[in-house]
Amino acid sequence: MGRLLALAALLALAAPAVAQDYPKQPIHLVIPFGPGGGSDIVGRILAQELQARLGVPVVVENRPGAGGTIGNEYIAHQAADGYVLGMMTAGQVIAAVMRKSMPYDARTAFTPIAQVASAGLIMVARPDFPASNVAELIALAKQKPGKIVFGSPGFGATQHLAAELFKQTANVDMLHVPFRTTPDAMTALLAGQVNVVFETVSAALGQVQAGRLKALAVTGKDRFPAVPDVPAAIESGLLPGYDVTTWYGVFGPRGMPSAVTARLNHVLNAIIAEPAVRERLTKAGVVVKGSTPEAFGQMMDDELARWEAVRVKAGLEKQ
């Protein structure tokens with residue numbers, strides 16, 4: 001018993017030492033989506049602040065593809081030492097419920113560190129599109145079933161599922177055209193190849209502010225701070241219960257030392273509490289929202305269950 005107590009005491013002393021020694025080398029923050037999307041924008045803001053606070057370079061790597069699955073698979077197979085982290089979004093959770101086979105178990109492959117923000121989506125169209133609000137879009141879709149085309153950054157992306165839920169709630173038929181990344185979908189919209197895109201506010205805000213796109217609605221139940229004049233889709237009275245938001249968080253491979261996870265959680269929550277950072281994130285189109293590692297992990301589990309229900313109800317087969 002004495003030896004066991006001595007070992008326990010040594011382990012207790014070792015945990016803070018791990019956190020105190022971390023980090024000793026550059027940290028890589030993997031964005032499992034392409035440049036210009038919401039997770040890329042948020043991730044780069046966090047990387048800059050992490051670098052300043054931790055005193056080591058924080059290198060951002062974009063590894064897009066398969067709804068975030070390619071980036072997640074890479075992270076899942078890295079050493080669990082806190083030197084490879086990733087940005088997690090609702091998109092990767094949705095990818096896990098949309099695919100027949102996954103290269104990792106979404107429930108057990110990762111260490112949740114902290115949620116950092118939530119965000120609404122915004123429905124945007126070109127200025128010459130005949131519908132300028134949700135009611136007009138629904139009316140147009142009913143007049144031309146299957147003719148209104150919406151783009152997304154990939155089959156099974158949050159943006160795709162947000163549009164599928166819109167179709168189901170409004171009882172309309174619209175055609176989906178998936179692209180590889182958010183910029184690809186936005187480029188297609190600007191070129192007139194698709195009519196509507198459901199996209200994160202952060203990714204579409206610049207085009208809306210420049211007048212190159214018009215906003216029809218945001219998809220959350222409330223108006224969004226970055227675009228307070230854009231109504232929530234549910235305000236139309238034609239979409240009972242329609243409420244879609246996304247979120248952003250930081251995670252690492254399964255098995256990270258609890259002391260390192262705790263330190264990163266503390267630093268991330270301190271970063272998003274800074275007024276200047278909160279202002280940058282708000283201007284980027286997200287709402288700051290911190291969490292404990294445990295709360296972030298539970299939220300991801302809840303999201304897996306929620307989006308599986310949406311997939312089944314929308315009649316989407318796993319790919």
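When you count, for each residue, the other Cβ atoms within 10 Å and take the mean per peptide, how do 113-123, 35-45 rank with the highest first? Mind dumping the intermediate values first?
On the way: 113-123: 26.5, 35-45: 23.6.
Going by the mean number of other Cβ atoms within 10 Å, highest first, we get 113-123, 35-45.
Place the peptides 161-169, 300-308 in order of packing, highest mean first, counting for every residue the other Cβ atoms within 10 Å and averaging per peptide.
On the way: 161-169: 21.6, 300-308: 16.2.
Going from most to least packed, we get 161-169, 300-308.
Match the structure shown to one of the listed values [x] 33, 53, 12, 2; [y] 34, 63, 4; [z] 36, 58, 6, 0 of P(r) over Cα pairs in 20 Å bins from 0, in percent, computed from it, and give that label.
After the calculation, the listed value that fits is [x].
Relative to the first principal axis of the alpha-carbon coordinates of the chain, what is the inclination of helix 293-314, with its axis defined by its Cα atoms, in degrees from 0 to 90 and to the nearest 10?
On a 0 to 90 degree scale, this one is about 30.
Determine the calculated [θ] at 222 nm for the chain from helices alone, applying -39500 (n - 2.57) to every DSSP H run no shorter than 4 residues and normalising by the residue count; nearest 500 deg cm²/dmol. Spell out each step's value before the answer.
Working: 11 runs with 142 residues, N = 319.
Helices in the chain give a 222 nm mean residue ellipticity of -14000 deg cm²/dmol.
Determine, from the Cβ-Cβ distance of ASP222 and GLN48 and an R0 of 30 Å, the FRET efficiency 1/(1 + (r/R0)^6), rounded to the nearest 0.05. Provide the component values of the computation, followed by the final result.
Values: r = 29 Å, r/R0 = 0.97.
Once rounded, the FRET efficiency stands at 0.55.
What number comes out for accessible area per residue over the chain if the probe is 1.4 Å? Units Å², please. Numbers along the way, then the final one.
Numbers: 13620 Å² over 319 residues.
Value for the chain: 43 Å² per residue.
Sort 207-213, 178-184 for me by packing, meaning the mean count of neighbouring Cβ atoms within 10 Å per residue, highest on top.
Ranked from most to least packed, the peptides come out as 178-184, 207-213.
Just the number: Rg to Rh for segment 142-223, Cα atoms, Kirkwood Rh, two decimals.
Working: Rg = 12.2 Å, Rh = 13.0 Å.
When Rh is taken as the Kirkwood radius, the ratio is 0.94.
Rounded to whole Å, give me the distance from the Cα center of segment 24-54 to that of segment 257-304.
13 Å
How large is the accessible surface of ASP229 in square angstrom, using a 1.4 angstrom probe and rounding to the nearest 10?
So the heavy atoms of ASP229 present about 130 Å² to solvent.
May I ask you to give the percent of accessible area on the chain that is carbon plus sulfur, with a probe radius of 1.4 Å?
Looking at the chain in its full context, I get 55 percent from C and S.
To test your reading of the geometry: what angle, between 0 and 90 degrees and rounded to tens, separates the Cα axis of helix 258-273 from the longest principal axis of the chain?
Value to nearest ten degrees: 50.
Set the Förster distance to 30 Å, then compute FRET efficiency between LYS147 and THR187 from the Cβ-Cβ distance, nearest 0.05.
Numbers: r = 21 Å, r/R0 = 0.71.
Rounded to the nearest 0.05, the efficiency is 0.90.
Show ARG254, ARG280 ordered by accessible area, largest first, where the area counts protein heavy atoms only and the probe is 1.4 Å. Write out the running numbers ahead of the final one.
On the way: ARG254 155, ARG280 95 Å².
Reading off the accessible areas and sorting them downward yields ARG254, ARG280.
Against the longest principal axis of the chain, how steep is helix 158-170, in degrees 0 to 90 to the nearest 10, with axes from Cα atoms?
Around 40 degrees separate the two axes.
The values are calculated or read from the model by the stated rules, or taken from the named source; none is laboratory data. Source: prediction; values computed, not measured. All Cβ positions, glycine included, derive from the backbone under ideal geometry; neighbour counts span all protein chains shown. Accessible surface areas use protein heavy atoms only, side chains included; no ligands, DNA or RNA. Shrake-Rupley method; radii C 1.70, N 1.55, O 1.52, S 1.80 Å.
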